[in-house]
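All remarks here apply to the structure that follows.
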């Protein structure tokens, strides 16, 4: 093979690899799923020195595996100031299931252009698990099982308020000890 053709093939391969890269993502939280949210909160509070906030069961209207559903979710958020956590109590027949007491479930990333990031995950072979096609956020699962959540600016602001509240609560609790 001549050098010009070899060079052209390397450039083309490099362009394909760059197209498959999803850049500009910022880790927001690690998602955890548990069977009993009160037991998991107690265990993780002690282990990670965090205070959980926002724990109330709410009905969420969602698109799960392409179907509209109403899901009762019990969700709590906590932060160490350096790492953020989302704790979700398991719900059968949803993406939030576990047979274990507590599992690491997903990683949540923010993108300032979340609509493009969602399209890139789908183009890379990730299946949309949560959200409708074209939504600017959702859960995406690759064939090996890795679950990624993509969020935009609005949801980031909503979550950051919980994480700030968690840090403030933890600091207040430590001051009274």
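Computed over all pairs of different Cα atoms, the Kirkwood value for the hydrodynamic radius of segment 72-125 is 13.6 Å. Compared with the dominant principal axis of the Cα atoms in the chain, helix 153-175 is inclined by about 40°. Dividing the Cα radius of gyration of segment 30-113 by 2.2 N^0.38 Å, with N the residue count, gives 1.12.
Sorted fewest first by neighbouring Cβ atoms within 10 angstrom, 21, 43 come out as 21, 43. Among 85, 109, 65, which one shows the biggest mean-square fluctuation in a GNM of the chain, springs joining Cα atoms closer than 10 Å? Among 85, 109, 65, the largest GNM mean-square fluctuation belongs to 65. Using a Gaussian network model of the chain in which every pair of alpha carbons under 10 angstrom is joined by a spring, one finds that among 166, 79, 112 the greatest mean-square fluctuation is at 112. Taking the chain as a Gaussian network of alpha-carbon nodes connected by springs under 10 Å, the highest mean-square fluctuation of the residues 102, 25, 155 belongs to 155. Both radii were evaluated on the Cα set of segment 23-175; the Rg over Rh quotient, with Rh as the Kirkwood radius, amounts to 0.96. For the chain, the longest principal axis of the alpha carbon atoms and the long axis of helix 114-123 meet at an angle near 60°. Estimated purely from DSSP H runs of n ≥ 4, each contributing -39500 (n - 2.57), the mean residue ellipticity at 222 nm for the chain is -12000 deg cm²/dmol once divided by its residues.
Bear in mind that the values in this text are calculations on the coordinates, not laboratory data. Model, not experiment: these values are computed from the prediction. FYI the Cβ positions are ideal-geometry reconstructions off the backbone, even for glycines, and counts take in every protein chain you see.
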